[in-house]
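**Q** The following block contains the structure, expressed as structure tokens.
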Amino acid sequence: MRKLVLAGNPNVGKSVVFSQLTGSKVMISNYAGTTVEFTKGLLTTESESFEVLDAPGTYSLEPTSKVEEVASTLVDQADIVINVVDATNLERNLFLTTELLERDVPLIVALNMIDEAGHKGVKIDVKKLEELLGVPVIPTVAVSGEGLKELIDYLPEAVNRKNKPLNIPDRWAYIGELVGKVQEVVHRHHSWLETLQDASLRPSTGLPIAALVLFIAFQLVIGLGEFLHEFMEDYIFEGFYETLLLYLSEALGSGGFLHDILIGQLVDGAIDFEESLGVLTTGVFVELGVVLPFLAVFYMVLGFLEDSGYLPRLAVMVDRSMHRLGLHGYSIIPMVLGFGCNVPAALAARNLESRRERFIACTLMSVAIPCMAQLALIVGLVGRHGFEYLAVVFASLFFIWVVLGLIIDRVMPGYTPSMIIEIPPYRIPSIKAQAKKLGMRIRGFLVHATPYILGGILVVNILYTLGIIHFLGVLFAPAVQGLLGLPGDAVSTLLIGFLRKDVAVAMMIPLGLDARQLVIGAVVLAAYFPCAATFTVLVKEMGVVDMAKSAVIMIVTAFSAGFILNLLLDTLIPAAYLAAALIALSLILPMVLGSTSDRRELSDLDETA
Amino acid sequence: MEFSLVEIKPGQTGVISDIRGGSALKTKLNQLGLREGKRIKKISSVFNRGPVTISVDNYQVAVGYGKAIRIMVEVDELEKASPGRES
Ligand SMILES: Nc1nc2c(ncn2[C@@H]2O[C@H](COP(=O)(O)OP(=O)(O)OP(=O)(O)O)[C@@H](O)[C@H]2O)c(=O)[nH]1
Ligand SMILES: [Mg+2]
């Protein structure tokens, strides 16, 4: 079977073409660097079957980052390459095209986004372009499927040009001449989207827009998430589902091993979805009744932010502040993704150029960004005691994020080069594409999380039954109690946290903790170590040595933070004041301290990209 | 007159005249289409050493401060070319 590789600049629609050709589902978003790993799919035409590979975007076959390396390696292995080209930016895209034409591989060009080119007044003489390049050029609109049939029909006509290699200036000269012959640009007036586009980049309007967007996103997730959660709890779990489980409980003889595993302990003869700790009671409730509602709303909001093209603009607005933490603006994307799940966030860090940046980004993300699954339980559990306690959790994590970033940037040698990123045009997200993406993410959650959540509850059950938790509780009591002010049995939550964070937070319920203990537990749990799934990916992305360093940072940070909270919260400083103070400090400290990384970059005259 | 991307004002147009950096920086910018002789328009810059956004052909690129000060531009209208910082 021949290998068909989709190559092209970032954000030109490769993944849309891929999913149209193969029917496979992949992430599609309106920013450069969505695809960071290759995905395989199958395309069967009348004459032949192809293995299709969706590559990450790259501007050139001489890679400058980890993701671009992946793309360049894939091209080396290809039997045939479809070069997806953004018709609105022909000149820049042809740089890669001309590089591909020099490789020993048959090439065909998909001239994508031809619809947008029309709107922008760009006219391309396709026949002439085809002639000059010497390979088939097929105009396409990947999102609507236009032209893809022709693309498939023309695959056998792909041509291996094996052109003579050019140096960069000659390449640009050649492209310039070519574009002059095939492209005509008519001036168009700014559309309202373009006006908004520029407004979100100018600080006077862009900063208020950023604040507004983040505020609305936060309100939506917390508000709508809570609403859906309560709806599920009241109408599904405490109605229909509870009745069903009570039948099952009776059928199992209201006790015994299997009953304890599936239903757990009845509280006053009734099921308590939070405390029964059965796989079918607490397990299913945590997954579907608590996490799912919040996660669904979060992914809805994220999907909109991704597809509109706002995220890179947010990156521009926060670039200044991120530099103080040893990162540049684009690392806000892994951070935002991390609120959904830390796994894709760790992968997205591949878009950052240097090992230093990736280390800082991955460490800060796993320490201070709790995933939505964990947040859902924190909001439910801590929020009950008043918003000020929830605020302390958020403020502490924000503070940790900032201070840790400031410290690592100072201590770690080298510097983080400033960013250079393409800002995509705003696009109005299509409802259909949004629904598809949301469905894909929710399915992903259900498939990947179910074994961990239900398994986690099962493990807890077994550990409790065997008395192991209590044994460990007594063993670690001095540390847990003395340092964090939590009961010894809280060790169970830390233990389960290695597996799955949402279950770990849920494990605090039966311990009967008060508000301040819950806050301490939540912060320590969020920071001390990544869950199993994230850990696996981090080891792969950072390597064992960096992961080990990162792990030491995580553990030290988490327990120091827990200890300090234990000292201050409610004993010396009331929750609301502490939250306000932490946020104020997080904002002021970076301004006072400045950035080491910046000074190092400016003094490095021969800056490497 | 030649000014760096940081110095020119939002709205100003010009032609990239020089990239004062190592070859790695030049290559990286080049791959993105930013090269000597290329016409650009500055869209915005964020104060206090924030990134500069420019538009080139039909796309926009955000360039961090550390790189922006190395990209020199021959500005179009001389009378408006006095170095300005902010938007
Ligand atoms: N108007 C229009 N939009 C398109 C077309 N093709 C793709 N898009 C949009 O372009 C954006 C990028 O699409 P992707 O498929 O994620 O691009 P990619 O090339 O895979 O991007 P990376 O993985 O980041 O390199 C998405 O918002 C798509 O909806 C098209 O033909 N017309
Ligand atoms: Mg992609």
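The values are calculated or read from the model by the stated rules, or taken from the named source; none is laboratory data. Since the structure is predicted, the reported quantities are computational estimates derived from the model, not experimental observations. Positions of Cβ are generated from backbone atoms using ideal geometry, with glycine treated the same way; all protein chains shown enter the neighbour counts.
**Q** Might you let me know whether the range A:161-169 holds any residue that is surrounded by 14 or more Cβ atoms within 10 Å (Cβ to Cβ), away from chain B (no Cβ under 14 Å) and modelled with pLDDT of 95 or more?
**A** Checking the range A:161-169: at least one residue is surrounded by 14 or more Cβ atoms within 10 Å (Cβ to Cβ), away from chain B (no Cβ under 14 Å) and modelled with pLDDT of 95 or more.
**Q** If A:Ile168 meets every condition in (1) among the aliphatic types (A, V, I, L, M); (2) farther than 24 Å from A:Val137 by Cβ; (3) free of Cβ contacts under 8 Å to residues at least 60 places away in the same chain apart from one, which number is that one?
**A** Every listed condition holds for A:Ile168 apart from (2).
**Q** Okay, moving on. Which members of the range A:3-18 meet the condition of being of a type outside the set (A, V, I, L, M), more than 8 Å from ligand 2 (Cβ to nearest atom) and not in a loop (DSSP other than H, G, I, E, B)?
**A** A:Lys3, A:Gly8
**Q** Right, something else. Name, by its number, the condition in (1) in contact with a strand residue (DSSP E or B) (Cβ under 9 Å, 6 or more places away or on another chain); (2) assigned to a loop (DSSP other than H, G, I, E, B); (3) more than 13 Å from ligand 2 (Cβ to nearest atom); (4) away from every other protein chain (no Cβ under 14 Å) that does not hold for A:Leu43.
**A** So A:Leu43 meets the others, but not (2).
**Q** Could I ask something else about it? Of everything in the range A:49-100, what is within 28 Å of the chain's Cα centre (by Cα), surrounded by fewer than 20 Cβ atoms within 10 Å (Cβ to Cβ) and not in a helix (DSSP H, G or I)? Give them in sequence order.
**A** Hits for the range A:49-100 are A:Glu51, A:Leu61, A:Glu62, A:Pro63, A:Thr64.
**Q** Further, regarding this structure: If you check A:Arg188 against the conditions, is it more than 16 Å from ligand 2 (Cβ to nearest atom) and surrounded by 13 or more Cβ atoms within 10 Å (Cβ to Cβ)?
**A** So A:Arg188 does not fit the description; no.
**Q** Still on this structure: Checking the conditions here, which among A:Phe559, A:Phe529 is at pLDDT 95 or above and either among the charged types (D, E, K, R) or within 23 Å of A:Ala449 (Cβ to Cβ) (or both)?
**A** A:Phe529
**Q** May I pose another question? Is it the case that the range A:443-451 has a residue that's of a type in the set (A, V, I, L, M) and either in a loop (DSSP other than H, G, I, E, B) or farther than 30 Å from A:Thr34 by Cα (or both)?
**A** no
**Q** Right, next: What number of residues in the range A:19-36 are of a type outside the set (Gly, Ala, Ser), under 17 Å from A:Ser72 (Cβ atoms) and either within 14 Å of chain B (Cβ to nearest Cβ) or more than 10 Å from ligand 2 (Cβ to nearest atom) (or both)?
**A** 0
**Q** In this structure, does A:Lys123 turn out to be under 27 Å from A:Ala349 (Cβ atoms), assigned to a strand (DSSP E or B), away from ligand 1 (no atom under 14 Å from the Cβ) and not assigned by TED's automatic domain parsing to the domain that holds A:Arg350?
**A** No.
**Q** Specify the residue that is nearest to ligand 1 (Cβ to nearest atom); the eligible residues are those in the range A:13-42 that are among the charged types (D, E, K, R) and out of contact with any helix residue (DSSP H, G or I) (no Cβ under 8 Å at 6 or more places or on another chain).
**A** Here the residue is A:Lys14.
**Q** Also, quick follow-up: Hey, any hits in the range A:43-62 for a residue that's touching a Pro at 6+ places or on another chain (Cβ under 6 Å) and more than 7 Å from ligand 1 (Cβ to nearest atom)?
**A** Within the range A:43-62, not a single residue is touching a Pro at 6+ places or on another chain (Cβ under 6 Å) and more than 7 Å from ligand 1 (Cβ to nearest atom).
**Q** Then there's this: Scan the range A:137-160 for residues that are of a type in the set (Val, Ile, Thr) and more than 16 Å from ligand 2 (Cβ to nearest atom) and jot them down.
**A** Within the range A:137-160, A:Val137, A:Ile138, A:Val141, A:Ile152, A:Val159 meet the criteria.
**Q** Answer yes or no: is there a residue in the range A:26-39 that is buried (at least 16 other Cβ atoms within 10 Å of the Cβ) and over 19 Å from A:Val143 (Cα atoms).
**A** yes
**Q** Taking the residues in the range A:575-589 that are surrounded by 21 or more Cβ atoms within 10 Å (Cβ to Cβ) and under 28 Å from the mean Cα position of the chain (by Cα) as candidates, determine which candidate is farthest from the other protein chains (Cβ to nearest Cβ).
**A** A:Ala579
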